[in-house]
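Accompanying notes for the structure given below.
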Amino acid sequence: MKPLQDRRILVTRRSEQSGSLVDALSALGATVVEVPLIALEPPEDAGPLDRALGRLASYEWLAFTSANAVEAVGERLARLGATVPAPVRLASVGPATSQAIRERFGRRVDLQPVSQYRAEGLVEAFGGFDLAGQHVLLPVSDRARDALVAGLRAQGADVEAVAAYRIVTPADARHRLEQSLAEGIDLVLLASPSAVEGLLQALGEPARGLAVAVIGPVTEQAARDAGLDVRLVASPATAQGLTTAAQRFFGQPPVRQP
């Protein structure tokens, strides 16, 4: 019998990003239910992003904190008929974002944290460089934390953070969640603070009765602050880490919602 046989696991990532996670869970026998809790929209005003991308050659670094940001910038550059200039170095918050950069821009990243795949880890990784007077472009979501901006400025960098996309909760999220919960869910996987917010926005108080596994300490903090029942924290903060967390969770009898 496979480790996750007959377990129903809710994956809340966008379908474009959930493939490796869904495949890994399915290979272990899980019944994977996909209900994306975030969707991406262009910024309300794309002017600041377009202007920043128009002078991209003036930056020493282009730093990404998510695959979503890579996608948003890639799409905008395509619309503008532009590319990332070769001298501009690329920084990534973690493996998934680095892979998105390779696929979108055909380049390997110049910098990625060794293990702490979040803004604080990227700040630490930048510590090996002299950033005094260096210009860093940071395309982010409309909900981004300021940890990376503050950390790089503390190292002397001239950082420009610009909204590259907005995060919204899909209109059908509530209906799909309620339908999935009615059929039974053993564990909910949340991969970002935005997914936490989407779950609460869609379900309200019932969300606090669900067993949750989260990806890394930032999402953990958001989930605990929201009053969610966090059972496990994935480490490393990757799809594989979430898969391992699910296996650990099901080392004990599953608890389903009535």
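The values are calculated or read from the model by the stated rules, or taken from the named source; none is laboratory data. From a predicted model like this one, the values you see are computed outputs, not experimental measurements. So basically every Cβ, Gly included, is an ideal-geometry build from the backbone, and we count neighbours across all protein chains shown. These area figures cover heavy atoms from the full protein model, side chains too; ligands, DNA and RNA do not enter into them. Shrake-Rupley method; radii C 1.70, N 1.55, O 1.52, S 1.80 Å.
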Neighbours by Cβ (under 6 Å, 6+ apart or cross-chain): first from region 133-149, over 23 Å from Pro42 (Cβ atoms) and in contact (Cβ under 8 Å) with a residue 40 or more places away in the chain; second open to solvent by less than 20 Å² (accessible area, probe 1.4 Å) and outside any strand (DSSP E or B): Gln134/Ala157; His135/Tyr59
Residue check, Thr238 at pLDDT 90 or above and polar (S, T, N, Q): no
Among (1) in contact with a helix residue (DSSP H, G or I) (Cβ under 7 Å, 6 or more places away or on another chain); (2) open to solvent by 70 Å² or more (accessible area, probe 1.4 Å) - the single one Ala86 does not satisfy: (1)
Residue count, region 1-53 (criterion: surrounded by 21 or more Cβ atoms within 10 Å (Cβ to Cβ), assigned to a helix (DSSP H, G or I) and among the charged types (D, E, K, R)): 0
Selection from region 212-246 of residues that are charged (D, E, K, R) and either in contact (Cβ under 8 Å) with a residue 24 or more places away in the chain or part of a helix (DSSP H, G or I) (or both): Glu220, Arg224, Asp225, Arg231
Residue match in region 65-73 (condition: out of contact with any helix residue (DSSP H, G or I) (no Cβ under 9 Å at 6 or more places or on another chain) and without any contact (Cβ under 8 Å) to a residue 60 or more places away in the chain): no
